[in-house]
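*Asks:* Pasting in a structure now, in structure tokens, and then I'll have a few things to ask.
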Amino acid sequence: FSHNDNKRYQNIGIKRIVTDSVGGQTFFDQFSELPQTNHNNSYRVGADYDISDKNTVGCVVSGYFNSEVDNNTNTTHIGPNFSQVDSSLTTAAVFNQSYHNIAVNLNDTWKLDTAGQQLNIDLDYSKFKNNSNAYYMTNFFLADGSQQHPAAFLGNLTPSNIDIHTAKADYTLPITKSVKFETGVKLSDVKTDNDLQQSVVEGGQYLSVNHFIYDEKIDAGYINFSKDYKNTSVQLGLRGEYTSSNATGDSLNVTQVVSRHYFNLFPSVFINHTINDNNEIGISYSRRIDRPQYDNLNPFVYHLDPYTYQKGNPYLKPQYTNNFELNYTYNKSINLSLGYSRTTDVISEIPGADPKTKIGFVTSQNLQTQINYSANLFAPYTINKWWSGNANVTVFYLGFKSNGLEGANLDRGQTAYQIRANETFTPIKGYRFELTGNYQSALTYALFYVKPQYSIDAGVSHSIS
């Protein structure tokens with residue numbers, strides 16, 4: 001069991017210019033203070049029982065019960081330019097959120113013989129229950145500070161339930177000492193139920209304005225062969241998945257249904273070769289799928305103020321990545337890798353604006369392609385007997401292309417780099433000091449330009465034995 005209390009503070013500044021159909025422009029200068037208080041509790045208990053020398057059954061129960069309170073204050077100035085204000089508004093928002101989860105796993109392991117033939121079976125059930133209550137009070141002012149019109153209230157209740165059932169079986173068969181065959185199947189069934197209830201009168205009745213239900217079933221199976229030669233190991237794999245999903249949204253008596261049924265194959269190849277005691281080389285290829293998060297599919301609207309909100313997109317599709325990598329290892333410690341990946345239907349956050357209402361929003365969309373070239377170097381080192389460390393340097397190019405995005409074609413990319421160093425100091429017997437630094441240069445990600453980011457972490461430990 002673990003318990004954690006923390007407070008976080010975040011400030012967001014947003015400047016945006018909205019151009020209407022006749023070329024007129026409205027300037028929004030917005031500043032938000034977002035303090036957050038969290039109370040987190042998690043637990044895990046489990047046991048294994050040996051029925052026999054060859055059969056072990058186990059059970060694990062885990063979960064969490066967390067709560068979060070946000071008290072946000074947002075101020076927006078509106079005018080013909082950023083230095084001239086015609087009107088303004090302030091929004092005070094209170095969010096009370098609770099998150100509950102319980103997960104149960106039953107597993108059984110059969111050792112079918114002494115040669116390594118084995119069967120593993122897992123049955124899992126998870127239930128998530130989240131509740132969010134949000135209250136917004138907005139006051140409107142003229143340029144001289146006088147009240148423009150009466151304050152506006154908005155209340156949201158968003159209960160959410162997620163049920164996940166999975167069952168899988170994995171079988172391993174060593175054919176010879178150097179050849180191994182593996183296969184398995186996995187079935188999963190996920191259902192999410194979200195009901196947005198809203199009131200525009202403080203203390204008034206809440207009515208359902210958007211009921212979103214998402215069902216997803218995945219049937220998957222895989223086969224895998226591996227063989228060890230004298231200085232080379234080869235692994236070949238193929239996974240197949242059939243997915244059936246239905247998203248149903250009832251919003252203001254309008255029903256929206258998005259159904260998808262698709263089958264995919266995901267091959268993989270891994271080859272490693274030992275040249276000599278100090279030099280190893282490897283090459284790999286794999287194809288993978290990344291499905292949208294359930295929150296990103298939910299069409300609910302989350303407001304920052306009356307002119308700014310975030311919403312989900314039930315039309316999101318999965319993204320697919322083909323990944324190639326070449327690795328070289330020297331002296332079993334220094335590693336250099338070169339990589340290339342191409343992702344289609346890239347899931348990315350996209351900002352937009354309605355020129356008529358002047359309302360800005362952020363949602364997730366599928367972009368056409370993302371290209372990534374990368375080179376990574378990892379090297380450990382020793383300065384002296386009490387100072388050692390390791391460094392990880394990555395240089396990469398990230399590029400995006402997508403036609404017809406927000407009325408224009410996207411074609412941009414940038415070369416960037418990331419440096420991470422971990423230092424360990426033991427100048428005093430029994431004490432260990434660690435310092436970790438991380439720096440990422442400016443980069444381009446879809447429609448966003450991201451400024452440089454850096455962090456430093458420090459720690460100390462003392463052995464009393």
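*Asks:* Compare Glu423, Glu182, Glu349 by solvent-accessible area with a 1.4 Å probe and give them largest first, with all protein chains kept in place.
*Replies:* Result, largest first: Glu349, Glu182, Glu423.
*Asks:* Taking all protein chains in place and a 1.4 Å probe, what share, in percent, of the accessible surface of the chain do carbon and sulfur account for?
*Replies:* Values: 14880 of 26920 Å².
That share works out to 55 percent.
*Asks:* Based on DSSP H runs of at least 4 residues, each adding -39500 (n - 2.57), what is the mean residue ellipticity at 222 nm of the chain after dividing by all its residues, to the nearest 500 deg cm²/dmol?
*Replies:* Values: 1 runs with 4 residues, N = 465.
The per-residue figure over the chain is 0 deg cm²/dmol.
*Asks:* Relative to the Cα centre, what is the charge dipole magnitude of the range 100-241, using +1 at the beta carbon of each Lys and Arg, -1 at the beta carbon of each Asp and Glu, and rounding to the nearest 20 debye?
*Replies:* For the range 100-241, the charge dipole is close to 700 debye.
*Asks:* Give me the one-decimal Kirkwood hydrodynamic radius in Å for the range 242-351, with the sum taken over alpha-carbon pairs.
*Replies:* Details: mean 1/r = 0.0562 Å⁻¹.
Answer for the range 242-351: a Kirkwood hydrodynamic radius of 17.8 Å.
*Asks:* I've got another one for you. Roughly what % of Cα-Cα distances in the chain sit above 33 Å, to the whole percent?
*Replies:* Working: 61484 of 107880 pairs.
When all Cα pairs of the chain are counted, 57 percent exceed 33 Å.
*Asks:* Now for a different question. Only four residue types carry charge here, +1 at the Cβ of Lys and Arg and -1 at the Cβ of Asp and Glu. Report the dipole size of the chain about the Cα centre in Debye, rounded to the nearest 20.
*Replies:* Dipole size: approximately 1220 debye.
*Asks:* I would also like to ask the following. Rg and Dmax in Å for the range 119-258, alpha carbons only: what are they?
*Replies:* 26.3, 85
*Asks:* I've got another one for you. Tell me, how many Å apart are the Cα centres for the range 442-456 and for the range 370-386?
*Replies:* Each part reduced to its Cα centre gives a spacing of 21 Å.
*Asks:* Hey, which lysines would be in cross-link range of Lys356, C-alpha to C-alpha under 24 Å, not counting anything within fewer than 8 residues on its own chain?
*Replies:* Reachable lysines: Lys15, Lys311.
*Asks:* Can you compute log10 of I(q)/I(0) for the range 1-76 with the Debye formula, treating each Cα as one identical point scatterer, at q = 0.20 Å⁻¹?
*Replies:* Debye intensities relative to I(0), on a log10 scale: -0.92.
*Asks:* What is the local net charge at Leu443, summed over the other residues whose Cβ is closer than 14 Å to its Cβ (Lys, Arg +1; Asp, Glu -1)?
*Replies:* Taking every Cβ under 14 Å from that of Leu443, the sum is +2.
*Asks:* Got a sec? Charge dipole of the chain, +1 on Cβ for Lys and Arg, -1 for Asp and Glu; which of Gly23, Gln117, Leu443 is way out at the positive end?
*Replies:* Of the candidates, Gln117 comes out farthest on the positive side.
*Asks:* Same structure again: Which of the listed residues, Leu338, Thr369, Pro355, is farthest toward the dipole's positive end in the range 326-419, when Lys, Arg count +1 and Asp, Glu count -1 at the beta-carbon?
*Replies:* Looking along the dipole axis, the top candidate is Leu338.
The values are calculated or read from the model by the stated rules, or taken from the named source; none is laboratory data. Keep in mind it's a predicted model, so treat the numbers as computed, not measured. Using ideal geometry, Cβ is built from the backbone for each residue, glycine included, and neighbour counts are taken over all protein chains shown. The area values use the complete protein model at the heavy-atom level, side chains included, leaving out ligands, DNA and RNA. Shrake-Rupley method; radii C 1.70, N 1.55, O 1.52, S 1.80 Å.
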